[in-house]
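Right, one structure below, let's go through it.
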Amino acid sequence: MLVSIIVVNWNRKELLRACLHSLARQTGVDSEIIVVDNGSTDGSADLASECGARVIRNSENRGFCAANNQGIAASRGEFIALLNNDAEAEPGWLSALLRVCSSRPDVGMAASKILVWEDPKRIDKAGHLIFPDGQNRGRGSGALDHGQFDREEEVLWPDGCAAMYRKRMIDQIGGFDEDFFAYGDDAELGLRARIAGWRCLYAPDAVVRHHRGATMGKGSGRRLALIERNRVLLAVKLFPWSLLALNPLFFAARLLAGVAAVGRGANDTAHFPGLGGKLRMLGGLVRGDLAALRLAPRMLRKRGAIARMRRLTPGETRRLILAHRLSLKDVA
């Protein structure tokens, strides 16, 4: 079976070099590498060609979603693997993902064990969890790796940093929603696939190391605005009405828990230091919510297409989300 590996790139030449070198060390799987370059100016697209990858060159930054869709359209494999340009895969990564993703016909996705590059004893993501307001986060994010995620098991969906998708599933439900541009896009695709009846398995032997927040930076106001906007769009498009109606309450609870954690320096506000940083953070949230409001009518229209491919009832979808729920403590 051929696996098409897609790497979306926007500058970060040296990170891309390490990423492609790690893919060259994969064993036991017939694969092709497709690099979709979003208008880089640092010569990284030429580097990808020199490394033997097939390169799709965009004249501008089209975002993670559109670039991956380009790669998927150009792929020849039965399975699609995604790897961020700021991640490096262990030699058995691809074969471990393929083993679990091809194990049953209803498995459409496989999740990797993603470790923090700077501290590989610490978990970045081991599959995904979600809070009922639409905010999602990696399972085990920030925890020390004590082997607690070394069991093959079903998870909600994979993180797009390092994931595998069955091509037949993508053909059925469609690729990434390009309205999302970046951040939360893997959550939207994953939940849409689950609603359509596909399962996701976690492959503990599929190990990668990831430079966290390398694309925009963890203190980027634009990054925060995209995350907030896409949180709302995900809920409007895919959540059952019974859960969507409670979204403002869950959002308020998460904000209050976040405010309580600020004094302890226990959350992501540490990346926005001082009063100026907090105001920049607030501005990002407001911009994200306003952008979501403008796109909400389009998401509501897309709910009709979801209804036509649905295999899970709204009640089953609600139970799935709540079964893989982030605790308030973790999300704060």
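The values are calculated or read from the model by the stated rules, or taken from the named source; none is laboratory data. Because the structure is predicted, anything quoted here is derived from the model rather than measured. Methodologically, a virtual Cβ is constructed for each residue, glycine included, from the backbone with ideal geometry; neighbour enumeration extends over all protein chains shown. In case anyone asks, the SASA skips ligands and DNA or RNA and just uses the protein heavy atoms, side chains included. Shrake-Rupley method; radii C 1.70, N 1.55, O 1.52, S 1.80 Å.
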* Structure fact -> Computed for segment 20-132: size of charge dipole around the Cα centre, +1 on C-beta of each Lys and Arg, -1 on C-beta of each Asp and Glu, debye to nearest 20, value 400 debye
* **Computed helical MRE - 222 nm, the chain, DSSP H runs ≥ 4 contributing -39500 (n - 2.57), nearest 500** => -13500 deg cm²/dmol
* Counted charge near GLU78, where neighbours are those whose Cβ lies closer than 15 Å (Asp, Glu -1; Lys, Arg +1) -> +3
* Would you please state which residues of segment 290-317 a label at SER242 would reach in this model, taking the label point 7 Å out along Cα→Cβ and a backbone N cut-off of under 16 Å? => 312-317
* Asked: Under 5 Å between amide H atoms, partner at least 5 residues away or on a different chain: which partners does VAL55 have, H built in plane at 1.01 Å?
  -> VAL35
* Work out how much length LEU328 to LEU282 would gain on full extension: take 0.36 nm times their residue separation and subtract the Cα-Cα distance, in nm to one decimal. => 14.6 nm
* To do: Note the full-extension length gain between MET1 and ALA296 as 0.36 nm times their separation in residues minus their Cα-Cα distance, in nm to one decimal.
  => 102.2 nm
* To do: Using the 2.2 N^0.38 Å rule of thumb for compact globular proteins, work out how segment 33-95 stacks up: its C-alpha Rg over that value, please.
  => 1.13
* To do: Could you give the spread of the C-alpha atoms of segment 1-106 along their three principal axes, from largest to smallest, in whole angstroms?
  => 42, 25, 18
* Taking only C-alpha pairs under 8 Å that are 6+ residues apart, what is the relative contact order of the chain in percent? -> 19 percent
* To do: Please give the length that would be gained between GLU316 and ALA143 if that part of the chain were fully extended, namely 0.36 nm times their separation in residues minus their C-alpha to C-alpha distance (nm, one decimal).
  => 59.3 nm
* **GNM result for the chain, Cα springs below 10 Å: residue of PRO132, PRO120, PRO105 fluctuating most strongly** => PRO105
* Asked: Based on the inverse mean of 1/r over its pairs of different Cα atoms, what is the Kirkwood hydrodynamic radius of segment 126-232, in Å?
  -> 14.9 Å
* To do: Roll a 1.4 Å probe over the protein chains and send me the accessible area per residue for segment 9-82 in Å².
  => 45 Å²
* Find out how many positive minus negative residues lie around ARG199, taking Lys and Arg as positive, Asp and Glu as negative, among other residues whose Cβ is under 14 Å from that of ARG199. => +1
* Asked: Quick one: Karplus J couplings for segment 56-72, per residue in order, coefficients 6.51, -1.76, 1.60, θ = phi - 60°, nearest Hz, x for Gly and Pro?
  -> 9, 9, 9, 7, 8, 7, 8, x, 5, 5, 5, 5, 5, 5, 4, x, 5
* P(r) of the chain over all Cα-Cα pairs, binned every 20 Å from zero, in whole percent -> 32, 61, 6
* For segment 28-37, take each phi angle, set θ = phi - 60°, evaluate the Karplus expression 6.51 cos²θ - 1.76 cosθ + 1.60, and give the result in whole Hz per residue in order, putting x for glycine and proline. => x, 9, 7, 9, 10, 10, 10, 9, 9, 9
* Asked: Based on the Cβ-Cβ distance from ARG168 to ASP119, what FRET efficiency comes out when R0 is 51 Å, to the nearest 0.05?
  -> 0.85
* FRET E, pair THR27, GLU178, Förster distance 45 Å, beta-carbon r, rounded to 0.05 -> 0.85
* To do: Provide the descending list of Cα extents for segment 40-158 along its principal axes, expressed in whole angstroms.
  => 42, 36, 35
* To do: Give the span of segment 60-104's Cα atoms along each principal axis, as three whole-Å numbers ordered largest to smallest.
  => 37, 23, 14
